[in-house]
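Comments concern the structure below.
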Amino acid sequence: MLPCYTPPHMLIGPIQLLKQATPAQRRTLLAAALGWMLDAFDAMLYALVLTHVMRDLGMSKATSGLLYTLTLLASGIGGMLFGFLADRIGRKRALMLSILTYSICSFASGLSTTVLMLAVFRFILGLGMGGEWNTGATLVAETWPDELRAKAIAIVQSSWAIGYALAALVAGIVLRYANWRMVFFVGILPALVTLWIRRSVPESPMWMEHHWLAAQGQKLEPQGTQRTRGNESFSVIFRAPYRKSTIVLLLLNFFGLFAWWGLFSWIPPYLSLPVAQGGRGFGIMGTTTLLLVLNLFGMFPGYISFGWAADHLGRRKAFVLYLFAAALLVPFYAMARSQAVLLVLGAVVAFFGTGFFSGSGLIGSEIFPTHVRARALGFTYNGARALSSVAPWVIGRVGQTKGLSWAFYLCGAAFLLASLMATQLPETKGKRLE
């Protein structure tokens, strides 16, 4: 029996991956990773200070969840809006604009004196938060070679865990010496990254080529036909051979995001609320420690590993494995009581329950052509995020009546539905970008 041959690019680790890349590729990877990391940092600050905001502004669990719902709804709108912008003005400029949007609004959240003010700022923050994901993922997909694309996007996606962990650390330290407003004020810092992106990060050569060709073609078209052509280009994702993939990927992302936001937006208050209120009664530093472990030993390796799993097993099988494992583990986490069990199970749930997101940008980039790639990713991912925006409100509402532990079972069911959707995806391993 002949030994199984494994291509060399499948055996390399993250360090070797970066060594093989060109300086331009490393900078695009760093820009997308920083944008996504700081997106997580600003987005998760709300969950981390939620207990304090609820007390000071007099919010119920249902109202608190509704504000999260508004942010996620806005992220869906922002994803599609910035997807159009990225296809028209470039991946780099759209990425910078999205980072500025969520950074400024994070700072503004700290100035809120009413629930309405906070809701407005979190909604606008959501626009930038949604726009960052597809612009960054598209930029990396178009600048990295086909054989390294899965691992590169997995590294970008893994930066979410670092941002979440950094937010937990900052919130834990700041809350010991100041109030929740100061935590939000720290959220302005990501805006500084745009200065580096503007100066050092190159635009996608693939986008520049297609943009130039489109511009040349428009010059030759009769006046009044250009707009129709642009509208038709977006409609491509709703026609064969992309229609089924568009719907399946939208539903997979919807169920996966419903489960993720429903679970992870409520884990911080779940851990810190008193047992009498349906929580686990951990103090600020105890909650911070658990969240750091959950992110650094659960989410981060989960994101990274998916790229390697997708190269070995294929995109579809990797999706099914991660989502089904998360569906099985969430109920056990909801039943856990001791800190040690919550620590271990939380990390394993985070590994599978967040790792699969590394595949969304990867398979979307390989399914859709360049002239609609950013907006297609914006629709299938951030459109799903808009649909899943009800998750924090639903989990908060159910948690208020039946307890958060029971509400988390709904998240497990959503992961199971996402895994069923994954079985209907096309296999795109080894496909060259069009």
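The values are calculated or read from the model by the stated rules, or taken from the named source; none is laboratory data. Owing to the predicted nature of the structure, the values given are computational and were not obtained by experimental measurement. All Cβ positions, even for glycine, are placed from backbone atoms using ideal geometry, and neighbour counts span all protein chains on display.
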How many residues, within the stretch 93-131, are in contact with a Pro (Cβ under 9 Å, 6 or more places away or on another chain) and buried (at least 22 other Cβ atoms within 10 Å of the Cβ)? 4
Whichever residue in the stretch 304-347 is within 19 Å of the chain's Cα centre (by Cα) and farther than 22 Å from N253 by Cβ and, among such residues, is modelled with the lowest pLDDT: G346
Does the stretch 234-266 hold any residues that are closer than 18 Å to V330 by Cα and outside any helix (DSSP H, G or I), and which are they? S265, W266
Taking the stretch 334-365 as the region of interest, how many residues are over 20 Å from W261 (Cβ atoms), surrounded by fewer than 23 Cβ atoms within 10 Å (Cβ to Cβ) and of a type in the set (V, I, T)? 2
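Residue by residue, here is whether (1) over 13 Å from the mean Cα position of the chain (by Cα); (2) among the hydroxyl-bearing types (S, T, Y); (3) under 15 Å from F306 (Cα atoms) holds:
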site: G126; (1), (2), (3): no, no, no
site: M129; (1), (2), (3): no, no, no
site: W133; (1), (2), (3): no, no, no
site: A152; (1), (2), (3): yes, no, yes
site: S159; (1), (2), (3): no, yes, yes
site: I162; (1), (2), (3): no, no, no
site: A167; (1), (2), (3): yes, no, no
site: A171; (1), (2), (3): yes, no, no
site: Y177; (1), (2), (3): yes, yes, no
Verdict on R198 being in contact (Cβ under 8 Å) with a residue 24 or more places away in the chain, assigned to a helix (DSSP H, G or I), closer than 22 Å to L34 by Cα and charged (D, E, K, R): yes
Is there a residue in the stretch 25-41 that is within 20 Å of N179 (Cβ to Cβ) and either among the aromatic types (F, W, Y) or buried (at least 23 other Cβ atoms within 10 Å of the Cβ) (or both)? yes
When you scan the stretch 366-434 for helices (runs of 4 or more DSSP H) that lie fully inside it, which ones turn up with 1 or more residues that are touching a residue at least 60 places away in the same chain (Cβ under 8 Å), buried (at least 22 other Cβ atoms within 10 Å of the Cβ) and among the basic types (K, R)? 373-377, 383-387
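Quick grid of which residues meet (1) buried (at least 24 other Cβ atoms within 10 Å of the Cβ); (2) in contact with an Asp or Glu (Cβ under 8 Å, 6 or more places away or on another chain); (3) of a type outside the set (S, T, N, Q):
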residue	(1), (2), (3)
T135	yes, no, no
T138	yes, no, no
Q157	yes, no, no
L166	no, no, yes
V174	no, no, yes
V183	yes, no, yes
Which of the residues belonging to the stretch 158-178 are in contact with a Ser or Thr (Cβ under 8 Å, 6 or more places away or on another chain) and either of a type in the set (D, E) or closer than 24 Å to G361 by Cβ (or both)? S158, W160, A161
Some residue of the stretch 220-231 being at pLDDT below 75, more than 24 Å from G298 (Cα to Cα) and of a type in the set (G, A, S): yes
Qualifying residues in the stretch 54-77 (those that are of a type in the set (G, A, S) and closer than 20 Å to L116 by Cα) - the one surrounded by the fewest Cβ atoms within 10 Å (Cβ to Cβ): G58
Which helices (runs of 4 or more DSSP H) sit wholly inside the stretch 60-172 and have at least 3 residues that are modelled with pLDDT under 85? 61-89, 115-143
